[in-house]
Structures are given as structure tokens and as C-alpha cells.
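One structure below.
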Amino acid sequence: MAKISKILLQISRIEQDLEKAGVKSFTRYSFSRFFSAHKNEWELPKSATFYRFLKILSDNQIITKSVIFSENEDGRLPDYLYAWKTDDIWTIIQGLKHDAYFSHLSAVVLHDLTNQIPKTFYLNNERTSVVLKSKSAAPIQQSAIDRAFLKEQRRSERSYRINSQKILLLNGQFTNRLGVIKTKTASAEFNYTDLERTLIDITVRPGYAGGVFDVLEAYKKALPDMDIPKLIKYLKALNYVYPYHQAIGFYLEKAGCAESYLRKLELPMKYDFYLTYGIRKKEYAERWKLYYPKGF
């Protein structure tokens, strides 16, 4: 009992350090590192193990445990996410990767741009780099664009299950967290892309947003609040090889955007481009030099 009482006597200090950590959810590995880093400061006995620590915090309802399965490992062995002072699902999932952020359809939901009730969370874990990916010195060829968009969109294979919901962990390009914002309240703490970055992301990967019809619906709902100069600034900073400004201009025109803004997106258009991947029957928008699904 003395060992348990010692941990319980330190609950106030433990919670202070949890507050300082700036996160409310942990994997078993990240929580064990947190425990090891502070154990001496809390003056816990050497016999106080991480598993005893977990049990006491769980038994006293200081933390809650959510079961999470990786779908990429044989046997789908369970792991856990430990949450402190929250039952918010976004905050709990954020614990999977503290530096990651919700994007694509998840960000669309957070910005209230859809009526969908999604069963998949999209968590973007940026690749580490010191510079943004630059365009190739050699210009891209039209034949390369045609080949790339003839295929279906590539999808991440890193997925997890929590309750009946899926988490898709994306390995996004390095952007230095461009347009990433944070929600922080007493019971919620997570990162996600702002409105303009979200619209760019779902244009680039419409399959992660439900498809092109859902992307257009998001543009329509976002239009009154959209900062188009900011969107154009982001697009230039992202420095894509493919001419996504043509697809963005097309969506904005369909959404009813003012002509003065549309003209700002009429950047050089050297190539024919595609609204999405794997279009079976297509039509062509002359203004944007863009193929789109027939009937769109």
C-alpha cells in the first residue's frame, strides 16, 4: 500500500507535468518515456514500475485507455492510447503522433464543410526535411502527367482501428507545417490544417476527401470565408510539380468565385491537367486546360 500511496500523493505534481507536456494523449511508448523522464522528480520509489503507474492512474480514473489496432502487422496486436482529462476522439487520436495533424476529409469535417459522417480519420505525419521539395530542373513532360493520372490515386497503407473507426496515417511531403493550426481547450487539444491549406490538400488528393463531388461541395461551403490570396500564397510555397492551380481555378469557378480572383489563378498553363486520377469518361475545360469526369 505504501508504494501506491506514494504515487497517489504525487498526483498533483504528475498532473502539473502532464499539463506542461502540452498533450492530452499518449501511446504506450510515449507515456512510458514521460514516466521515465519524471519518475525521480516525483520521488517515486525505484520499485514503482510504469505498469504499476498505469494501473494506479487508471484505477483512479485519472487516465482512460483506448484500444488501437495496427492493420499493418500480422495478428493485429493491440496497443493503447492513454488520455488525460479528455474523451474527445480527435484529441485521443492525436496521441498517435504528437507532431502530426488532421488533414483532408478530417479537416473538411472540422471546418464544417461537409454533411458526411466519416468513418476514417486522416492524420498527416510530415516527412522530415530542411527544405521544401523543389521542382525538377528538367521540365515535366505531358506524357508523364498523362501516365500518372491514368492510374488510380495512390493511398497510404499505414492504417489503424480505434473502436469501429479507421485512422489513415499519411506520409505527407515536408511543408514546415504550412497552414497548420491548433485547437486547445480544457478538454481538447489537436492540430489540423486551416481552411485554405485544407482546400489545396483535397484538390491534390480528392480520394482522401470522398471524391471530386465532395471536394466541390467543400469549395462551395468555404467560399464565403475563404482567403483566396492566402490560398494562392500557400500554393506557391508548396511549389508542386503538377499544375494544381488549374484544378483549383476550375473548382473555384464551379463554386461561383468572383472573376477577379479567378484571373489570379490563370498562371501559366503549359500542360493539359486532370481534376482527379483514373477518369474513365472525361470532358475538357478549355479555360483551365483540364480534364474532368463526364457529367461533373
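Only counting other Cβ atoms within 10 Å, I'd like Tyr244, Tyr291 sorted with the fewest neighbours first. Intermediate values should be presented prior to the final figure.
Values: Tyr244 15, Tyr291 18.
Ranking Tyr244, Tyr291 by Cβ neighbours within 10 Å, fewest first, gives Tyr244, Tyr291.
For a footprinting-style exposure proxy, rank His111, His98 by other Cβ within 10 Å, fewest first.
Details: His111 18, His98 15.
Result, fewest neighbours first: His98, His111.
How much length, in nm to one decimal, is gained on full extension between Ala186 and Asp272, taken as 0.36 nm per residue of separation minus their Cα-Cα distance?
My answer for the length gained is 26.0 nm.
Please tell me which of these pairs span more than 29 angstrom C-alpha to C-alpha: Lys182/Lys294; Lys236/Lys289; Lys182/Lys289; Lys97/Lys289; Lys221/Lys282; Lys184/Lys233?
Too far apart for the 29 Å limit: Lys182/Lys294; Lys182/Lys289; Lys97/Lys289.
Roughly speaking, what is the centre-to-centre gap between the stretch 21-83 and the stretch 199-225 when only Cα atoms are used, to the nearest Å? Each part reduced to its Cα centre gives a spacing of 37 Å. Were the residues from Lys230 through Tyr51 laid out at 0.36 nm apart, the gain over their Cα-Cα distance would be 59.6 nm. Projecting the Cα atoms of Phe53, Val23, Gln10 onto the charge dipole of the stretch 1-85, computed from C-beta unit charges around the Cα centre, puts Gln10 farthest toward the positive end. Mind pulling the angle between the C-alpha long axis of helix 50-59 and the longest principal axis of the chain? Nearest 10 degrees, somewhere in 0 to 90. Between helix and principal axis, roughly 90 degrees. A simple rule links phi to the HN-Hα coupling: the Karplus curve 6.51 cos²θ - 1.76 cosθ + 1.60 with θ = phi - 60°, which for the stretch 10-16 gives 9, 4, 4, 5, 4, 5, 4 Hz, with x for Gly and Pro. Under a 5 Å amide H cut-off, with hydrogens placed 1.01 Å from N, Phe273 pairs with Leu290, Tyr291 among residues at least 5 apart or on other chains.
Among Thr175, Thr64, Thr203, a tally of other beta-carbon atoms within 10 Å of each Cβ gives an order, fewest to most, of Thr64, Thr175, Thr203. In this calculation the C-beta distance from Ile62 to Tyr240 is compared with R0 = 51 Å, giving a FRET efficiency of 0.65. Axis of helix 228-238 versus longest Cα principal axis of the chain: the two differ by about 80°, to the nearest ten degrees. Where the centroid of each part is defined by its Cα atoms, how far is the stretch 144-186 from the stretch 236-296 in Å? With the stretch 144-186 and the stretch 236-296 each reduced to a Cα centre, they are spaced 22 Å. Any idea what % of Cα-Cα pairs in the chain are farther than 33 Å? The proportion of pairs with Cα distances above 33 Å equals 35 percent. In percent, how large is the relative contact order of the chain, given Cα pairs closer than 8 Å and 6 or more residues apart? Result for the chain is 16 percent.
Computed from Cα atoms, the angle from the helix 244-255 axis to the main principal axis of the chain rounds to 80 degrees. In this simple spin-label model, placing a label point 7 Å from the Cα along the Cα-to-Cβ direction at both Thr128 and Ser159 gives a separation of 2.8 nm.
FYI, it's all coordinate maths here, none of it is from the lab. If you're wondering where the values come from, they're calculated on a predicted model, not measured in any experiment. Using ideal geometry, Cβ is built from the backbone for each residue, glycine included, and neighbour counts are taken over all protein chains shown.
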